[in-house]
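Single-structure report; data block below.
Every number in this text was worked out from the coordinates using simple rules, so none of it is lab data. All figures in this text were calculated on a predicted structure; none of them were measured in a lab. Positions of Cβ are backbone-derived with ideal geometry, glycine not excepted, and every protein chain shown enters the neighbour counts.
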Protein chains: 2
Amino acid sequence: MKKLHFVAAAVIGLASALPAAAQFQKPEDAIKYRQSAMTLIGAHFGRIAAMAQGKIPFDAKTAAENAALVDTLVHLPFAAFGEGTERGAPTQAKPEIWKEPAKFKSAAEKLQDEVGKLNVAAKTGSLDAIKGAVGGVGKACKACHDDFRSKEFTSN
Amino acid sequence: MKKLHFVAAAVIGLASALPAAAQFQKPEDAIKYRQSAMTLIGAHFGRIAAMAQGKIPFDAKTAAENAALVDTLVHLPFAAFGEGTERGAPTQAKPEIWKEPAKFKSAAEKLQDEVGKLNVAAKTGSLDAIKGAVGGVGKACKACHDDFRSKEFTSN
């Protein structure tokens, strides 16, 4: 299979040192990488959200640790949506990601911004502050998924 | 399907705040999580290894950023090998993980230790120091994979 060499961050214009460092030789590598990053983000954000929703007991230290981790992870996946990664493995990525890159970039930055606020809130140890910030992150997740993520995986 | 509630870290005995926070309701969640963490570790360690091997140009800042990230990520996957996660989704995890937990724990800690050394080496900006540490991490990866990872995925 043809190998693609690209720095995805440059294509999408999300300047950040870490994602720029994550280069991918094949589209399926980029797809697997971004899906993996999203899985970890979801798992660790979900842990904080469960506390905010009263589904599990609130533990300030655990919330802060998870928020710091999500604040690191949330800078990873967007470098892996480079041109040429629309297909190559089953993916929920919509074509709009590559048709409307400025809008996608804005949605990604909105998420990163909200996660940054959650990290700050979690460091305070205040459950009320965390609840508010979790809401902001949840909205940013949903807005981006509504516009840029299909419900079904493509089968290629 | 029956839902399992467990804190995997307690089962395997890998005490670390972050992994302990990552609970999983279903075995497939744990399997997907640990595979995702390993994918990210491989991608970012691979970037440093490629520099150490002269396959891509050495950039001290990029190497240090990737090493710091791997040093965070390497503490994640082992909490997701809890009892009950032997099966549930296609996995390369060998039964030996659960048959020889002390040996598995030791292999995981060896990897974490070597990655810690890589992180220290990368901060110095010395390619020679990084080369040595990359070798140590690579050996720890291989040793654990040889003993605890199957070449093929189980099909369940």
Could you calculate the FRET efficiency of residue B:99 with residue B:59 from 1/(1 + (r/R0)^6), where r is the beta carbon distance between them and R0 is 41 Å, rounded to 0.05? 0.45
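Can you sort B:151, A:99 by how many other beta carbons sit within 10 Å, fewest first?
Details: B:151 6, A:99 10.
Ranking B:151, A:99 by Cβ neighbours within 10 Å, fewest first, gives B:151, A:99.
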Work from the charge dipole of segment B:29-156 (Cβ charges, +1 for Lys and Arg, -1 for Asp and Glu, about the Cα centre) and give the residue of B:48, B:74, B:85 farthest towards its positive end. B:48
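Where the convex hull is taken over the Cα atoms of segment A:83-156, what is its projected area averaged over directions, in nm²?
Details: hull surface 22.1 nm².
If I average the Cα hull's projected area over directions, I get 5.5 nm².
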Residue B:25-residue A:106 pseudo-label distance in nm [points 7 Å out on the Cα-to-Cβ vector]: 3.4 nm
If each label sits 7 angstrom from Cα along the C-beta direction, how far apart, in nm, is residue B:95 from its counterparts in the other copies? 5.0
Taking each label point as 7 Å beyond Cα in the direction of the beta carbon, state the distances from residue B:120 to the same residue in the other copies, shortest first, in nm. 3.6
Number of partner chain Cβ atoms within 10 Å, mean per residue of A:25-37: 3
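Roughly how large, in nm² to one decimal, is the mean projection of the convex hull of the alpha-carbon atoms in segment B:40-136?
Values: hull surface 26.1 nm².
For segment B:40-136, the mean projected area of the Cα convex hull comes to 6.5 nm².
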Residue closest to axis [chain A; rotation mapping onto B; Cβ; Å]: A:36, 2
Label zone at residue B:92, where the point sits 7 Å out along the Cα-to-Cβ direction: segment B:26-46 residues whose backbone N lies under 12 Å: B:35-36, B:38-40, B:42-43
What nm distances, shortest first, do you get from the label point of residue A:138 to those in the other copies when the point sits 7 angstrom along Cα to Cβ? 4.7
When only DSSP loop residues count, what GluC sites (Glu not before Pro) in segment B:58-153 have their Cβ near at most 15 other Cβ atoms within 10 Å? B:83, B:152
Dipole in debye (nearest 20) - segment B:52-156, about Cα centre, beta carbon charges: Lys, Arg +1; Asp, Glu -1: 180 debye
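Please tell me which of these pairs span more than 30 angstrom C-alpha to C-alpha: A:26/A:99; A:61/A:105; A:55/B:151?
Values: A:26/A:99 21 Å; A:61/A:105 32 Å; A:55/B:151 39 Å.
Listed pairs above 30 Å: A:61/A:105; A:55/B:151.
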